[in-house]
Amino acid sequence: MQHDKPARPPGIHAQTIGECWLGSIRYVLNHGQPHHDGEVGLIELLGLAVEITAPREEDPIILAHGDPAVVTRTLAKFARGASMPERPFTYGQRIFDMDGVDQLDWMVERLLRKPDTKSATINLLVTGSTAAGLPCLTTLDAKIRRGQLDLQFFFRSQNIFGRQYANLAALARLQSDLARRCNTVSGVLRGYVASAHIYAFDIDDARKLIVGAPIRIADRYHELGPRPSGA
């Protein structure tokens with residue numbers, strides 16, 4: 001007799017970005033499958049949906065446990081005019097200067113012209129690119145509903161333990177700026193991660209973190225992570 005596997009529970013619903021981060025780590029550890037990126041092992045979950053009802057850039061869980069250097073660097077990568085010589089692109093370049101177009105200005109104009117629009121959506125990929133490194137964040141979408149601006153995102157890939165918390169802080173800052181320019185306030189931050197993963201070298205610390213150990217993580221991706229290969 002064949003028994004169906006238990007249905008995977010729905011995604012992460014949290015009030016804050018720190019709570020979302022811890023919930024996402026737990027979710028990937030509990031439901032992910034062994035995989036690899038080149039020679040580097042990882043646990044991967046395909047298809048993680050997250051929803052944060054009160055996103056704030058400043059978050060006590062991240063302040064207590066995140067790597068401040070990762071947060072600072074990620075916020076800088078999302079900033080207008082951001083340029084990092086060691087990187088082929090920054091999110092700031094893709095958002096504020098995509099082939100000469102300021103995509104955030106484009107979103108604001110569209111939202112102000114028609115606040116109920118369903119099409120304030122931007123893409124961060126360059127069509128046909130053969131570069132080894134592609135943006136992990138590929139799509140942003142804004143909707144004004146119930147008097148608030150909701151921001152939605154799609155990540156093709158996300159390092160849940162080592163990067164998600166900083167990504168969410170940067171997106172919360174972007175959402176707040178977008179809402180201010182549209183004369184409203186931030187609402188829900190929600191999105192989808194196609195490959196939500198935790199690298200093998202982070203698994204022990206990830207398990208400690210979700211059981212409440214007083215640890216502050218240190219980024220080890222640049223030392224131990226996979227080399228860019230188009231994955």
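Taken together, the values in this text are just the output of simple stated rules run on the coordinates, not laboratory data. Note that the structure is a prediction, hence the values are computed from the model and not measured. As a convention, Cβ positions derive from the backbone with ideal geometry for all residues, glycine included, and neighbour counts pool all protein chains shown.
Just a few scattered comments:
- Region 146-202 - Debye-derived log10 I(q)/I(0), Cα point model, q = 0.12 Å⁻¹: -0.34
- Efficiency of FRET from Cβ geometry, residue 61 and residue 200, R₀ 25 Å, rounded to 0.05: 0.60
- Length added when fully stretched, residue 39-residue 213, from 0.36 nm per residue minus Cα-Cα: 59.7 nm
- Backbone HN-Hα couplings from phi across region 28-43 [Karplus 6.51/-1.76/1.60, Hz, Gly and Pro as x]: 5, 4, 7, 10, x, 10, x, 8, 7, 10, x, 9, 9, x, 7, 10
- The shape of the chain can be summarised by an equivalent ellipsoid whose semi-axes, obtained from the alpha carbon gyration tensor, come to 28, 21, 18 Å from longest to shortest.
- Within region 183-219, backbone nitrogen closer than 18 Å to the virtual label 7 Å beyond the Cα of residue 80 toward Cβ: 183-184
- Distance between modelled label sites at residue 109 and residue 121, nm, 7 Å Cα→Cβ extension: 2.0
- 10 Å Cβ shell holding at most 16 others, DSSP loop, trypsin sites (Lys or Arg not before Pro): longest site-free stretch of the chain: 1-79
- Within the listed set 137, 174, 112, the Gaussian network model of the chain (springs between alpha-carbon atoms below 10 Å) gives the highest mean-square fluctuation for 112.
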